[in-house]
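Novice: Pasting a structure below so you can have a look.
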Amino acid sequence: MHFPHRTLAGALALLCTPLHAAITVRDDAGNTVTLARPAQRVIAMAPHITELLFAAGGGERLVGAMNFSDYPAAAKRVPQVGSNEQIDMERILALKPDLLVVWKSGNTARQLDQLKSLGVPMFYSEPQKLDEVATSLTRLGQLLGTEPAAQAAARDYRARIAALSSAYARRPPVRVFYQIWDKPLFTLNGDHIASDVIRLCGGQNVFAAQKVVAPSVSTEAVLQENPEAIIGSERAGQPEAGIYLWKQYPGMQAVKRGNLFALDGDMLTRATPRIADAATQLCEKLETARRRRP
């Protein structure tokens, strides 16, 4: 059988075309990340990244994760490659990853330099606004080749956030102190995604203007701000610790009105779809504070 030259050339070109075109996305550090094909062996270098990858449909591609990667339940079965203090480079090499998803500000400069030396593509993850959780899902879905699952998760998440914004964003403002730890006292500034949740609910973070993302503050500074509500975590078995340490200051507005509210810290500070659950709870707490006004 005779094939015209052009037809034969076209057929050869088709045979030589890769099954997957190169995938290119931009990460949260502004870098361009390109993969020749969807990632098959991924290591998550922070707990929120582990959650994002599972939510984006890539749980089965995860071959390594950092300590405290505890959600969803399947994440606990992923081999650990280290902690925020030290990573196991030998284990990472042995796992032969084709994509590393790293935490832009949570992994140390030394760790990031070590990981860069491997020559494996790296995606920097640092969602700071609520909508960036959705864009993270879709971009990770592109890198994993799980776009339908990632886009569905992003749509569901955006719908939940939009509903909360519609219900609460224009409510009378509530001045909030968000306490992430009590000894010493630590809070979060306006750049952290937890502050975006507070804004979504019509709240105002009293330490939003701090220059450091997670600044240490004094008891006196909190008393001077006199917040209307205090959000934090309970300390199991320690009734005078956590947010309840403020009960010794009965003149404080939040104490006087009973507005000491305990929430799951992981849900509120991890930039994952579960932050929509935390936002729902926080918005309800701030609405309670509004109802308690004289």
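The values are calculated or read from the model by the stated rules, or taken from the named source; none is laboratory data. Note that the structure is a prediction, hence the values are computed from the model and not measured. Counting neighbours? That spans all protein chains shown, and the Cβs are built from the backbone with ideal geometry, glycine included. Side chains are part of the model used for accessible areas, which takes the heavy atoms of the whole protein and leaves out ligands, DNA and RNA. Shrake-Rupley method; radii C 1.70, N 1.55, O 1.52, S 1.80 Å.
Novice: Report Glu85's accessible area, 1.4 Å probe, all protein chains in place, as a number in Å² to the nearest 10.
Specialist: Approximately 140 Å² of Glu85 is accessible to the 1.4 Å probe.
Novice: Take the alpha carbon gyration tensor of the range 23-154, find the square roots of its eigenvalues, order them as a ≥ b ≥ c, and report rounded if a/c is under 1.5; if not, report prolate when a/b exceeds b/c, else oblate. Can you show the working numbers first?
Specialist: Details: a/c = 1.37, a/b = 1.25, b/c = 1.10.
It comes out rounded by the Cα gyration axes.
Novice: Further question on the same structure: What are the ³J(HN,Hα) values, in whole Hz, obtained from phi via the Karplus relation 6.51 cos²θ - 1.76 cosθ + 1.60 with θ = phi - 60°, for each residue of the range 40-46 in sequence order, with x given for Gly and Pro?
Specialist: 10, 10, 10, 10, 9, 9, 6
Novice: Then there is this: How would you classify the chain from its alpha-carbon gyration tensor, with a ≥ b ≥ c the square roots of the eigenvalues: rounded for a/c under 1.5, else prolate if a/b is greater than b/c, otherwise oblate? Please report the intermediate quantities before stating the final value.
Specialist: Values: a/c = 3.00, a/b = 2.03, b/c = 1.48.
Note, shape of the chain comes out prolate.
Novice: Excluding residues on the same chain fewer than 8 positions from Lys96, give the lysines whose Cα lies under 17 Å from its Cα.
Specialist: Partners found: Lys116.
Novice: Which of Lys247/Lys285; Lys104/Lys183; Lys129/Lys183; Lys256/Lys285; Lys104/Lys285; Lys183/Lys247 have a Cα-Cα distance over 22 Å? List each step's numbers first, then the result.
Specialist: Details: Lys247/Lys285 18 Å; Lys104/Lys183 26 Å; Lys129/Lys183 28 Å; Lys256/Lys285 16 Å; Lys104/Lys285 31 Å; Lys183/Lys247 16 Å.
Beyond 22 Å between Cα atoms: Lys104/Lys183; Lys129/Lys183; Lys104/Lys285.
Novice: Would you rank Ser233, Ser216, Ser125, Ser166 by solvent-accessible area, highest first, keeping every protein chain in place and using a 1.4 Å probe? Spell out each step's value before the answer.
Specialist: Details: Ser233 45, Ser216 70, Ser125 0, Ser166 95 Å².
So, going from the largest accessible area down, we get Ser166, Ser216, Ser233, Ser125.
Novice: Excluding ligands and nucleic acids, what accessible area in Å² is computed for Asp131 using a 1.4 Å probe, to the nearest 10?
Specialist: Rounded to the nearest 10, the figure is 80 Å².
Novice: When you count, for each residue, the other Cβ atoms within 10 Å and take the mean per peptide, how do 275-288, 106-119, 251-264 rank with the highest first? Could the numbers behind the result be given before it?
Specialist: Working: 275-288: 20.3, 106-119: 13.4, 251-264: 17.4.
With the highest mean Cβ count within 10 Å placed first, the list reads 275-288, 251-264, 106-119.
Novice: Still on this model: Charges at C-beta only: +1 for Lys and Arg, -1 for Asp and Glu. How large is the resulting dipole of the chain about its Cα centre, in Debye rounded to 20? Numbers along the way, then the final one.
Specialist: Details: 34 positive and 28 negative charges, 129 e Å.
Dipole of the chain, to the nearest 20 debye: 620 debye.
Novice: For the range 171-292, what does the alpha-carbon gyration tensor say about shape, rounded, prolate or oblate, given a ≥ b ≥ c as the root eigenvalues, a/c under 1.5 as rounded, and a/b over b/c as prolate? The partial results should precede the final answer.
Specialist: Details: a/c = 1.27, a/b = 1.17, b/c = 1.09.
Taking the square roots of the gyration eigenvalues as a ≥ b ≥ c, the range 171-292 is rounded.
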